[in-house]
Amino acid sequence: MLVSHAVSSHGMSRIVGSSGQVATHVLSKKNALFVAPEMNSGSRRALTGSIHKIREFELEKVSLVEEFDILQIVGEGWFGKILLVEHRASDTEIVLKALPKPYVSIRDFYREFHYSLHLSAHRNVVTTFDVAFETAGFYVFCQEYAPLGDLTSNMLDTGIGEIHTKRVAKQLSAALEHLHQRDLVHRDVKLDNILIFKSDFSRIKLCDFGETRKVMSVVRRRNEWLPYSPPEVLKLLQDSSYKALISHDIWQFGIVIFICLTGCLPWQKAAFDDPRYTSYYSWYNSSNPLKRPPKLWKMVSSRAQKMFKKFIEPREEKRANNFTEISRYLDDRWLGKGYTDRVAGEDIDELCPSMYSFHSDPNEKNILLKHFRDNGIETTVDRQAKKQRIREWIQNSVIEEVDEEEELEVAFEDSDEELEHRTRDHPIDESHRVTLRFDTEKHINPRTGEVIDGVKHAPPEKNPLSYDVQNIEAVAPANVDLQLLQAPPPHVPGIPDYYYSSSSVFRNTELF
C-alpha cells in the first residue's frame, strides 16, 4: 500500500499510505512492510481529499502465515473472512478483512477500503486503519475488533427491548446520516453489519461498505437479502439495473429497528406473494382509520406505528429521505400494551418469520414439505420412538466389567466343565497331558518349556493307531491285533535309534 517510506535509525519507518496520512510501521524479519496502527492514540481525524475520488495504489504482497498469528475466525462467508490476528513483529492485535480474489475485483477492493477509511472518522462507524496489502488469494485491509459481535448474535427471540432499541436507532441513524451527507448509500443495512461495543448497546458501529455507492449510481440487482430489500428493488428482475437511492437505506433502517423492538421480521419479502406484506400493505393504504392493524403490528404502539410508516413506506416517492423525524418519537412508548414483558414461546411468536430462511413462512414450508413427501422423503420424526431407540442402544451398549481374577476363574471353570462332560474311550492320564504338534519348525514344549528344534523328515506311514489329544497313550481300534502292539515300530529314516526304546515310542509324539 506504500507510496513512499524512509527507515529511521530505530528500525521503524514512517510511510505515506493511500490516504496521504503518515503512519508508523515495523519492518519484519524478512523486511516485509506492515503498518502497526496506533490504536490507543484515540485520534479519529477526518481524511483530506474528495471521498468520491478513489485512489488506486500498489499493494504490498504479504504472507499471512509468516507475518501473523491467527487467533480467531470472527466471520466467514462468500464475501471473505474476518480474522482476529496478532502481527508477530509488532505484537499488534488487529482484525483483517480478507476478500477473495476470485470473487472480488481489485477495483471493488479499492472502493470498499477507500470508503471504510474515509467514513471511520464517525464514532458510530467501525474504525478502519490505513493498512492494506494482498496475499496469494486475498485482498486484505485492517479494522478494529468488536468483541461483543454483531446485532444478530445479540438478538433474543423477543428483541433487545425498547430502551436498547432506541439507543440503536439513535446511533444507527447518525451513522447513516454521516454517509448520506456525503452523497453515499450504504445499501446493505442489516443486523449482521451493526457491531456491538458495549453490552448495554450504548456504543454500536456500522460496518461493511462493500455495497456502498454514490447516490444515483447505476447498480445491478444481485445478492440482496430479501427481508431487507425495498419493494421497488424486488420488482426488478435479477441483474436488472437501478439507481442507488437514500430511500433504500431508510427502508432497511426501518426493518432493523422493527426486528430490534419485536424480535420478528415483519415479512420474508416485501412482495405481494408474501401474505404478511400483503396484509401490511392493505392496512397501510386503508382509508378507514379504525382498520385494525395486522396482529404482528399490534405489538407496536400507535405512535411507533406512525414512525414506522414513515420509514417502511411502500411508495418510494413518499418515503422519508432523512432521519430528522426520529427525534420526535424517542420520548414515546414504542411497544404496545401487553407486549412490554413478552417472553419467548407465546402465541405471537408463531407469527414471527425466521430471520434466516424464506421457507420458514408456513405457506412456503407446506409447499416444500409436500414436495418432499411426494418424492418419498421422510419429513417427520417420532420423538418417542427416537428416544426409545436411543435408550435401547445405550442399554445394549453397556459392558459389565468383571474383575480380572474372577474372569480367569470363570474361564478355567468353563474349560474344566467341558472336559468333564466330554465322552472319551479311554481315561485321562494326567501325567501325560501334552499338546500334540505336527509341525517341524522350532517350538517350545508347552508342558516342559523345553525348546525343541524341528526335525525335517518325510511324513511317516499311516499308523493304524489313533490318538486322543487329551491322552498320550495309544488307543487301539477294535480291528487291530493287540499282539502287533508289542512288536517294535517300523524304522523311519532320519530318526535316531534311541527313539525306538519302549519308553519313548509314544511319549515323543511331536515327531509323528
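Data table
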read-out	value
Residue under evaluation Phe68, criteria (1) surrounded by 11 or more Cβ atoms within 10 Å (Cβ to Cβ); (2) under 16 Å from the mean Cα position of the chain (by Cα); (3) among the aromatic types (Phe, Trp, Tyr), criterion not met	(2)
Filter result for the condition that a residue is assigned to a loop (DSSP other than H, G, I, E, B) and of a type in the set (Ser, Thr, Tyr), over Tyr145, Tyr139	Tyr145
Selection within the stretch 239-258 - farther than 27 Å from Thr152 by Cα and not aromatic (Phe, Trp, Tyr)	Asp239, Ser240, Ser241, Lys243
Flag for Pro227 being assigned by TED's automatic domain parsing to the domain that holds Pro314 and either more than 27 Å from the chain's Cα centre (by Cα) or farther than 30 Å from Ile163 by Cα (or both)	no
Residue match in the stretch 227-248 (condition: out of contact with any Lys or Arg (no Cβ under 8 Å at 6 or more places or on another chain), of a type in the set (A, V, I, L, M) and closer than 16 Å to Asn322 by Cα)	yes
Test for Phe201: is it in a loop (DSSP other than H, G, I, E, B) and buried (at least 21 other Cβ atoms within 10 Å of the Cβ)	yes
Selected residue [more than 30 Å from Ser199 (Cβ to Cβ) and within 26 Å of the chain's Cα centre (by Cα)] from Val62, Val85, Val104, Val126	Val104
Considering residues of the stretch 276-314 that are under 37 Å from the mean Cα position of the chain (by Cα) and aliphatic (A, V, I, L, M) only, the residue surrounded by the fewest Cβ atoms within 10 Å (Cβ to Cβ)	Leu296
Residues satisfying the stated conditions in the stretch 210-246, i.e. in contact (Cβ under 8 Å) with a residue 40 or more places away in the chain and closer than 14 Å to Asp183 by Cβ	Thr212, Lys214, Ala244, Leu245, Ile246
Test: residue in the stretch 182-189 that is under 17 Å from Ile246 (Cα atoms), β-branched (Val, Ile, Thr), crowded, with 21+ Cβ neighbours inside 10 Å and not assigned by TED's automatic domain parsing to the domain that holds His114	yes
Out of Ser116, Ser153, sole residue that is among the hydroxyl-bearing types (Ser, Thr, Tyr) and within 15 Å of Leu191 (Cα to Cα)	Ser153
Ala121 being of a type in the set (A, V, I, L, M), in contact (Cβ under 8 Å) with a residue 60 or more places away in the chain and farther than 14 Å from Val256 by Cα	yes
Residue, nearest to Asn223 (Cα to Cα), within the stretch 89-103, restricted to residues that are touching a helix residue (DSSP H, G or I) at 6+ places or on another chain (Cβ under 9 Å) and crowded, with 19+ Cβ neighbours inside 10 Å	Leu99
Any chance Ser120 is more than 27 Å from the chain's Cα centre (by Cα) and polar (S, T, N, Q)	yes
Residue within the stretch 209-218 that is within 26 Å of Ala175 (Cβ to Cβ), among the aromatic types (Phe, Trp, Tyr) and in contact with a helix residue (DSSP H, G or I) (Cβ under 8 Å, 6 or more places away or on another chain) present	yes
Given (1) assigned to a helix (DSSP H, G or I); (2) modelled with pLDDT of 90 or more; (3) closer than 17 Å to Gly137 by Cα; (4) not β-branched (Val, Ile, Thr), number of the condition Glu112 does not satisfy	(3)
Which numbered condition His248 fails, given (1) modelled with pLDDT of 95 or more; (2) surrounded by fewer than 24 Cβ atoms within 10 Å (Cβ to Cβ)	(2)
Unmet requirement for Leu195, which otherwise passes all of (1) over 31 Å from the mean Cα position of the chain (by Cα); (2) part of a strand (DSSP E or B)	(1)
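The values are calculated or read from the model by the stated rules, or taken from the named source; none is laboratory data. Source: prediction; values computed, not measured. Heads up, the Cβs are rebuilt from the backbone with ideal geometry, glycines too, and the neighbour counts pull from every protein chain shown.
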